Amino acid sequence: LSDTAGVREETLDLIEKEGIKRARNAAAQADVLVAMIDGTDSKNGIAALKDVVSDPEMLARVLLVVNKMDLIDAKSEEASVLSEENPLSEMHNGTYVLSCETSEGVDGFLGALTDRVVTRVSNPD
């Protein structure tokens, strides 16, 4: 289980560059990859995810978590991450919209994560 640095645009900071490098390496080796993006800045979150997770094998291991649902207006541009026309929709096995502030949606995500881990442990390949 790894909690890595966030992946963002290029930086000049050497320590941050190393953290991003390690995050990419951990993602490539992960059996299950939980990618959490800020629902109020979904475009940048999706762009970062697409940058890190590019091949179909890796995409199959992604659970996308969109946090801060309590701050997203259903009619806003940011809510487009939830729509069927979202460019990420064909890239992942599940999107879980939740709010860490209110706990709404957390149980559904935890259930999906548990199922994914149990499946992986039950069928090691």
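Once the Cβ-Cβ distance between residue 118 and residue 73 is put in as r, and R0 is 22 Å, what FRET efficiency do you end up with, to the nearest 0.05? Provide the component values of the computation, followed by the final result.
Working: r = 36 Å, r/R0 = 1.63.
For residue 118 and residue 73, the calculated efficiency is 0.05.
Quickly work out the residue 55-to-residue 32 label distance, labels modelled 7 Å from Cα along the C-beta direction, and quote it in nm with one decimal.
Output for this residue pair reads 2.3 nm.
Taking θ = phi - 60°, what integer Hz values does the Karplus form 6.51 cos²θ - 1.76 cosθ + 1.60 yield along region 12-18, in sequence order, with x for Gly and Pro?
Calculated HN-Hα couplings, in order: 8, 6, 5, 5, 5, 4, 5 Hz.
For residue 63, enumerate residues with amide H under 5 Å from its amide H, sequence gap 5+ or separate chain, H modeled in the peptide plane.
33, 34, 35
How do 69, 36 stack up against each other in accessible area, from largest to smallest, with a 1.4 angstrom probe?
Details: 69 55, 36 115 Å².
Highest to lowest solvent-accessible surface, that is 36, 69.
The values are calculated or read from the model by the stated rules, or taken from the named source; none is laboratory data. The structure presented is a predicted model; accordingly, all values stated were derived computationally and were not measured. Don't worry about glycine lacking a Cβ; one is built from the backbone with ideal geometry, like all the others, and counts go over all protein chains shown. Accessible surface areas use protein heavy atoms only, side chains included; no ligands, DNA or RNA. Shrake-Rupley method; radii C 1.70, N 1.55, O 1.52, S 1.80 Å.
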